[in-house]
Amino acid sequence: MPVSDAHRIVTRDLDTPPRLLLGPGPSNAHPRVLRAMSNRQVGHLDPTFVALMNEVQELLRYAWQTDNQVTIPVSGTGSAAMEAAVANTVEPGQSVLVGCNGYFGERMVDMASRYGAVVHRMDAPWGTSFDLDTIRKAMETARPSVLGLVHAETSTGARQPLEGVRALCDEFDCLLVVDTVTSLAGVKLFIDEWGIDAAYSGTQKCLSCPPGLGPLTLNQKVIDRLARRTKPVPNWYLDMSLVGKYWGSARTYHHTAPINMNYGIREALRLVAEEGLEARWQRHEDNARMFWNGLEAIGLSCHVDEEIRLPSLTTVRVPDGVDSGRVARTLLNEYNIEIAGGLGQLAGKVWRVGMMGFNSRPENVRLLLAAMEDVLSKETAA
Ligand SMILES: Cc1ncc(COP(=O)(O)O)c(C=O)c1O
């Protein structure tokens, strides 16, 4: 039979536009990260790669402020790490309580249900967070084995304060699982100090690396529970009792790690260590504050109260009568700047602006404010 040419299209060399990615992610990768990713490959069990794996784990421990042995980049995006956190902490029939104040809390509910948990929701308006009293009341009803919270809700721009949650979890003998996708390396975060048992993240936000790996950290309590399970984790790829042997001292083959992505995260984490976490958190805070002040100066306001507003992600209220989608499209097409619209409860009501990692710089703040002012003046004059 002759080979069909039906799908044999001829395409041009890739030529991507020079976008400034100021949306909810991905953000632009740091040039040093892109350069590191283009290094020649070694095998995934090569001594060079094994040494690199150790460095990535150690630097991730620094970025997360944890001594957890199991601290690895899961092969996959943030959702893979999220699923790994859920699959390795939740057992069928267990009660799981999830804070739902945005899109990613909803995703955790969906995942925990798929792993057979009896899921209890703790709802709050999008853009707010939960106080300790509210969490306690919900825990009294749900009696959860696992509490899931999103530290940095990318869909709303709200930060979930975590201090004090550990003490509540201890009262209920409950694991604390936290989404740190939009906070790792951009927003103050202490895994061990705050008593977080499991956390996950992504590479494409404040780490300034392309999407493709999902950092995950699990403490000894999670590992002990994992060892006591009577049935295996129902997801082979994400079962940390198997993956752990690849990233742990045994280094036995589990899957082929994405070599060049790991070059990338190593460089991204080196940049974090060079800058220092406190300086990095402060830079995000300073540039966010400059952006918020600038918004006010051009007559725009933020959706989230300043006290719990994320420096990495700002939700900007869309003025009455303005078409949020058209403004975002104009910024993309005429200024090469990407921002995003709202999701769910906030669809059409806010723009989402990310100032993450490498992109959190004063010149980007000035550029975006000037472009927004320009586009909005034409929009309101139309
Ligand atoms: C808070 C949060 N959790 C989870 C995810 C899922 O990560 P990914 O899209 O990399 O799979 C995202 C992605 O934006 C996120 O912002």
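The values are calculated or read from the model by the stated rules, or taken from the named source; none is laboratory data. Small disclaimer: the values here were computed from a predicted structure and weren't measured. Reconstructed Cβ throughout: ideal geometry from the backbone, glycine too, with neighbour counts over all protein chains shown. Ligands, DNA and RNA are stripped out before the accessible areas are found, and what is left, the full protein with its side chains, is counted by its heavy atoms. Shrake-Rupley method; radii C 1.70, N 1.55, O 1.52, S 1.80 Å.
When restricted to Cα atoms, the stretch 82-122 yields an Rg and a Dmax of 9.1, 25 Å, respectively.
Exposure check, 1.4 Å probe, all protein chains in place: His255 carries approximately 20 Å² of accessible surface. Just checking the listed ones, Thr16, Thr89, Thr154: in the Gaussian network model of the chain with Cα springs under 10 Å, the one fluctuating most is Thr16. In the chain, helical runs assigned H by DSSP with n ≥ 4 each contribute -39500 (n - 2.57); averaged across all residues and rounded to the nearest 500, the mean residue ellipticity at 222 nm is -12500 deg cm²/dmol. Taking amide hydrogens as placed 1.01 Å from N in the peptide plane, the amide H of Val146 sits under 5 Å from those of Leu97, Leu175, each at least 5 positions away in sequence or on another chain. Solvent-accessible area of the chain (1.4 angstrom probe, protein heavy atoms only): carbon and sulfur portion equals 51 percent.
Restricted to Cα atoms, the stretch 183-279 shows a radius of gyration and a Dmax of 15.1, 45 angstrom. At an R0 of 22 angstrom, the distance between the Cβ atoms of Val50 and Leu14 translates into a FRET efficiency of 0.10.
Pairs exceeding 30 Å between alpha-carbon atoms, taken from Lys205/Lys349; Lys137/Lys188; Lys137/Lys221; Lys205/Lys231; Lys188/Lys231; Lys188/Lys221: Lys205/Lys231; Lys188/Lys231.
A prolate overall shape is assigned to the stretch 59-98, the ratio a/c of its alpha-carbon gyration tensor axes (a ≥ b ≥ c) being 1.5 or greater and a/b exceeding b/c.
Considering every Cα-Cα pair within the chain, what fraction, in whole percent, is farther apart than 31 Å? Cα-Cα pairs of the chain separated by over 31 Å account for 39 percent.
Overall shape of the stretch 242-382 was characterised from the C-alpha gyration tensor. The equivalent ellipsoid obtained from it has semi-axes of 37, 18, 15 Å, in decreasing order. Over 20 Å, how big is the tail of the calculated P(r) for the stretch 81-169, in percent of all Cα pairs? Result for the distance tail: 29 percent. So if R0 is 45 Å, what FRET efficiency would Ala279 and Asp5 give, r being the distance between their Cβ atoms, rounded to the nearest 0.05? E(calc), rounded to 0.05, equals 0.20. The calculated FRET efficiency for the pair Arg143 and Lys245, based on their C-beta separation and a Förster distance of 35 Å, comes to about 0.55. The dipole here belongs to the stretch 1-140: it is taken about the Cα centre, uses +1 on the Cβ of Lys and Arg and -1 on the Cβ of Asp and Glu, and is about 380 debye. At what distance in angstrom do the alpha carbon centres of the stretch 308-337 and the stretch 32-48 lie from each other? What the calculation gives is 37 Å, centre to centre. Both numbers refer to the Cα atoms of the stretch 35-140; Rg and Dmax are 18.3, 55 Å.
Using C-alpha pairs below 8 Å separated by at least 6 residues, the relative contact order for the stretch 1-121 is 15 percent. Among Ala297, Ala142, Ala199, which one shows the highest mean-square fluctuation when the chain is modelled as a Gaussian network with alpha-carbon springs under 10 Å? So, out of Ala297, Ala142, Ala199, the one fluctuating most is Ala297. Put a dot 7 Å past the Cα of Arg114, heading toward its Cβ, do the same for Asp323, and the two dots end up 3.6 nm apart.
Between Glu275, Glu171, Glu83, the GNM of the chain built on Cα springs shorter than 10 angstrom shows Glu171 fluctuating the most. Label zone of Thr230 (point 7 Å out along Cα→Cβ, amide N under 17 Å): in the stretch 88-119 this covers 90-95, 116-118.
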